[in-house]
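Read-outs throughout are calculated quantities, based only on the coordinates presented, and are distinct from any laboratory measurement. The model shown is predicted, which means the values in this text are computed figures rather than measured ones. All Cβ positions, glycine included, derive from the backbone under ideal geometry; neighbour counts span all protein chains shown.
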Amino acid sequence: MLEGTVNGVSYPIAIGKDGQTLWETTDVAQERDEIWDDWSLGLGETKQETGRGYLFSRGFDASVRGALKLSPFYHNLNNAALTTDYGHFMEATEAAGSTLTLDAASTRKGSVASGGQLTWSHTVASQSERILIVGVAINLRIDQSIFSAGLFYTTYGGASMTFLASRQGASGTDVTVALWYLLAPTTGANTVVVQTPEGATTAIVAGAESLYGVDQDTPFGTVVSATGTDGTPTVTVVTSAGEQLLAVVGVEGSATIAAGTNETERWDDTQGTDVSGSGYTQAGSDGGVMAPSLTSGTDWVEIAVPIKPGSAGSRSVMFISDTTKIFKYTYDSDTGLTLDATDTTASGVAGRPAKVNGNWYSPMGSGASAQKLTGITWADVTGTWKADHLSTYQKGVTPTVARVNSTTQNTVELNADTGDITDTWTNESEAVSDTSTKVTDLLESQGLLFVPKEDSLYEFGSEAESRNAIPFLGRGKVDADNGKGSFAFGDEIIYMSKGDLWRYRIGRGALPIGINTIRSFRKIAAIPTLKSGRPAFGVHVGEYWYYLQNEGEVSDLIQARKRREGDPAGHELIQHSVLTIPLSKGMGVDSRNRLWIKGASTDETTRDIRVIELADDGSLDLQNRKGQVSADHDIYFDERNPGRPQDQVQIRHMTVELEGDWDATTSLQLKLWLDNATSAISHGAAITAAGVTVRNPTTFGTSDTCYRFRPQLTLTTNSSYLPKSSDPQILRLIAGIRFPEIIRIVIPADDGVLSGMTAIDAEQNLRRLQNQGVVAFGRPGETSTFNAEIFSVTDTMYATEKGFAHGIALQLRRFVTP
């Protein structure tokens, strides 16, 4: 009878009825992939449920389905004069605009292969209200749909430019002219890229012109274009004084083009005998006729467009009230924030402001007169009245303004002045609840007034008692910050409280809907999350909510939206943790969808104003402008338990697919949390290039096996990273796992064949090894050994050539090493 070894001891191995040795593999080591390729159903998925969520993020934006991006880039400016209190935001406009001025022009020509690029450098001056316009003349007739679909496009400094217009030549005229533009382009020398689609080789003459003092809301008048074969390119544009007219001409073949009357040539060139192109400007006061002359060449296309100046009131400014001060800021997409002025009101405590009859009014508490903004100048209000908070309020057919009485701080009063708001507050005042709790904010929604207080949210009744809209909140949960930064969203009031984020639906009732109500979200001891924090301030932009979740000296910016049709059932909100910043208290949104955040850290060196640019729909789905410089960006995935709870698996590889802007300035480290580990284990070297990267089998510490695992990704940017023109993306992560090989061994329970021991001794020895970790095994007839774990020792009957015999059955599991 053949013998094998178990933990260095020899044992006979039973022989089956067909003469086979009963040392058999009963289950091969099967492999499987665990895949993460969509995180858009939000945070709080502690363990795998939907497979489309994640636990928590500090620096990633997972809100777009099918791609994991970095959190939005922000500009920030430190201001040590900011306090640790709440701030309020008021947008206004400058009283004078800028003079529209041509900054610089540049040109490039070339013959570009199919799918190739034409590139050159263009320098944009550091001026305000900038625009960059790129025009191209092409030797092919190209339909406008090719440009509109983004198959033929341009970029500057990595930022996509917006297609403005194109015109192809008449039949037989092989030339097309197209224009793109970019508002607030990056200053300095950057690369213009003209990307051609797949197809024929393209001859191009291109030019770029940058201007400043341009209206950033409506930069253009009406585009006019024409084509002809008569050698006299002409368009007439409706324009006016103060504007600049820009025209681009393309001519089939080699041509000589010159500026016409009142025109200035900005660029002009010819690409071989294929195409000629040139760009011109004209003052808006010169009539709007753009008619360059041709001394050779006849078939032409011309596009012209008026550029509008930054007129009076066109530049947005943001005022931020913070206790005694009101700060005035301006913002540039490229260069960031500038603190232009500070207005101080002694003994003031700024509260919720209101814009009434065209003017902003900022309450300053019981110690100082409220302030009125006229143009960009603050002064005491007429009558030097005082208030803690203000709000508009449509009282029946009468538009009014409501204030919180600064003396009796639970009392709301009304004022129906139609012009300047004076000290004519009516006796139609009402005490909201009792004087033991203060009013902390005022909100209007659907013609109703709502009064957040330290204890709850109240619906104001001008002719009846105000009522508690959230009766679930007890008076024992009074908190001085409750209600501050609440906001209205359609027919809902979102109330901030220490315990949770509350949603009151007008006329229907209230429910808590904050992150603590996500049933799948639980705290993991070793992973920092915001679960213990409190909501602190919120705003909405379109369908998207943004609010701060604060804990200690840290704020997490949360994006939330209601579930849409087509979303799977689940929590009322889909919420994403997109950014972690020093403690902040206060947010506002301006007319250009820029999200402003006020810092409130006890460390004044991190007490900053931050600005994030949002997409037109209020989402974070902007190309580029991703991540921060010299920062770690972390995301923790949901935990997977691929087998039964008592089964281990072996991690064999991790594979990641990356897309977008990856280079030496970005490095992605793959990590895994195994079982109840207190730290993650890095998996291989960091990744710095786009594409598919496979990290081959490796050993994590002293073991590559686990019962459950959670991936973590850390994307680190260095000091050379360019966030404004970068958008590195993660498309999917795969963790390859292997289940153990199961081996069954039968040892005869026969004193006569067991060497030096009885069957009872053998069974006792083997049971001592069960579930005690790996031991060495030697197959019959082999000198080498392998390691495996005994997870079962049982009595058994096995068939032999002569009948049945009694045996000891062992079951082993081992992970095969390749």
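In a shell of Cβ-Cβ distance under 12 Å around Glu263, excluding Glu263 itself, what net charge do Lys and Arg (+1) and Asp and Glu (-1) give?
Working: positive: Arg266; negative: Glu265, Asp268, Asp286, Glu302.
Computed value for this residue: -3.
Using the Cβ atoms and a cut-off under 10 Å, what net charge is assigned to the surroundings of Glu91, where Lys and Arg are +1 and Asp and Glu are -1? Walk me through the numbers on the way to the answer.
Values: positive: Lys355, Arg592, Arg594; negative: Asp590.
Value of the local net charge: +2.
Around Asp299, what is the net charge, scoring Lys/Arg as +1 and Asp/Glu as -1 over all other residues with Cβ under 15 Å from its Cβ? Provide the component values of the computation, followed by the final result.
Values: positive: Arg141, Arg167; negative: Asp174, Asp230, Glu252, Asp274, Glu302.
Summing Lys/Arg as +1 and Asp/Glu as -1 gives -3.
What base-10 log of the normalised intensity I(q)/I(0) is obtained for the stretch 315-555 from the Debye formula, alpha carbons as equal point scatterers, at q = 0.09, 0.11, 0.16 Å⁻¹?
-0.41, -0.61, -1.22
In whole angstrom, how far apart do the alpha carbon centroids of the stretch 782-811 and the stretch 224-260 sit?
The distance from the Cα centre of the stretch 782-811 to that of the stretch 224-260 comes to 93 Å.
Based on the alpha-carbon gyration tensor of the stretch 332-460 and its eigenvalue square roots a ≥ b ≥ c, which shape applies: rounded if a/c is under 1.5, prolate if not and a/b is larger than b/c, or oblate?
Numbers: a/c = 1.57, a/b = 1.48, b/c = 1.06.
Judged from the Cα gyration tensor, the stretch 332-460 comes out prolate (a/c at least 1.5, a/b above b/c).
Give me the extension gain from Asp230 to Gln144: residue separation times 0.36 nm, minus the current Cα-Cα distance, reported in nm with one decimal. Present the calculation step by step, with values, prior to reporting the outcome.
Details: separation 86, 0.36 × 86 = 30.96 nm, distance 2.34 nm.
Separation in residues times 0.36 nm, less the Cα-Cα distance, equals 28.6 nm.
From the phi of every residue in the stretch 770-778, what ³J(HN,Hα) in whole Hz does the Karplus formula 6.51 cos²θ - 1.76 cosθ + 1.60 yield, where θ is phi - 60° and glycine or proline is x?
5, 6, 10, x, 7, 9, 8, 10, x
Under a crude label model (7 Å from the Cα following the beta-carbon direction), how far is Asp663 from Val64 in nanometres?
The modelled label-to-label distance comes out at 2.0 nm.
For Cα extents along the principal axes in Å, which listed value, (1) 116, 85, 44; (2) 103, 66, 49; (3) 114, 61, 58, comes from the coordinates shown?
Structure-derived value, by its label: (1).
Under the Karplus relation 6.51 cos²θ - 1.76 cosθ + 1.60, θ = phi - 60°, what is the ordered set of whole-Hz ³J(HN,Hα) values for the stretch 519-526, x standing for Gly and Pro?
Ordered by residue, 3J(HN,Hα) equals 5, 7, 8, 9, 7, 9, 4, 8 Hz.
Using only the Cα atoms, work out Rg/Rh for the stretch 376-447, with Rh taken as the Kirkwood radius, to two decimals.
Working: Rg = 12.5 Å, Rh = 12.9 Å.
The Rg/Rh ratio comes out at 0.96.
Helix-only mean residue ellipticity at 222 nm, the chain, DSSP H runs n ≥ 4 weighted -39,500 (n - 2.57), per residue, nearest 500. What is it?
Details: 2 runs with 15 residues, N = 818.
The helix-only estimate for the chain comes to -500 deg cm²/dmol at 222 nm.
Once both axes come from the Cα atoms, what is the angle between helix 759-768 and the longest principal axis of the chain, in degrees from 0 to 90, rounded to 10?
20 degrees
What spacing in nm lies between the two simple spin-label points modelled at Gln20 and Lys724, each 7 Å away from Cα in the Cβ direction?
7.2 nm
Asp334's amide H: which non-local residues (gap 5+, or another chain) put their own amide H closer than 5 Å, with H modeled 1.01 Å from N in plane and none for Pro or chain starts?
Here the answer is none, since no amide H 5 or more places off falls under 5 Å of that of Asp334.
Which of Pro711, Phe537, Val28 sits farthest toward the positive end of the charge dipole of the chain, with +1 on the Cβ of Lys and Arg and -1 on the Cβ of Asp and Glu?
Val28
Tell me, what does the Kirkwood hydrodynamic radius of the stretch 728-818 come to in angstroms if you use every pair of distinct C-alpha atoms?
Details: mean 1/r = 0.0643 Å⁻¹.
For the stretch 728-818, the Kirkwood estimate is 15.6 Å.
Can you report the principal axis dimensions of the stretch 101-307 using only the alpha carbons, biggest first, rounded to whole angstrom?
42, 37, 26
So between Arg592 and Glu782, what do we pick up on full extension, going 0.36 nm a residue minus the alpha carbon distance? Write out the running numbers ahead of the final one.
Numbers: separation 190, 0.36 × 190 = 68.40 nm, distance 7.60 nm.
Gain in length upon complete extension: 60.8 nm.
Set the Förster distance to 41 Å, then compute FRET efficiency between Ser532 and Asn359 from the Cβ-Cβ distance, nearest 0.05. Before the final figure, lay out the partial values.
On the way: r = 42 Å, r/R0 = 1.02.
It comes out at approximately 0.45.
Taking 0.36 nm per residue of separation and subtracting the Cα-Cα distance, what length does fully extending Gln195 through Phe804 add? Walk me through the intermediate numbers first.
Details: separation 609, 0.36 × 609 = 219.24 nm, distance 7.94 nm.
Net length gain for the segment: 211.3 nm.
Taking a ≥ b ≥ c as the square roots of the eigenvalues of the Cα gyration tensor of the stretch 476-589, is the shape rounded (a/c under 1.5), prolate (a/b larger than b/c) or oblate?
Numbers: a/c = 1.39, a/b = 1.15, b/c = 1.20.
Note, shape of the stretch 476-589 comes out rounded.
Can you list the chymotrypsin sites (Phe, Trp or Tyr not before Pro) in the stretch 105-160 that are in a DSSP coil and have 12 or fewer other beta carbons within 10 angstrom? Walk me through the intermediate numbers first.
Details: sites: Trp120, Phe147, Phe152, Tyr153, Tyr156; in loops: Phe152.
Here no chymotrypsin sites (Phe, Trp or Tyr not before Pro) fit, given the DSSP loop and packing criteria.
Apply the Karplus curve 6.51 cos²θ - 1.76 cosθ + 1.60, θ = phi - 60°, to the phi angles in the stretch 264-273 and return the couplings in whole Hz, x for Gly and Pro.
Once rounded to whole Hz, the list reads 10, 6, 9, 7, 6, 6, 10, 9, x, 9.
Can you give me the Cα centroid spacing of the stretch 645-659 and the stretch 4-45 in angstrom?
17 Å
Between the stretch 696-765 and the stretch 539-613, what's the alpha-carbon centroid distance in Å?
If you average the Cα positions of each part, the centres end up 39 Å apart.
Place a label point 7 angstrom from the Cα of Asp491 along the Cα-to-Cβ direction, then list the residues of the stretch 505-532 whose backbone nitrogen is under 19 Å away.
Residues 505-513 fall inside that zone.
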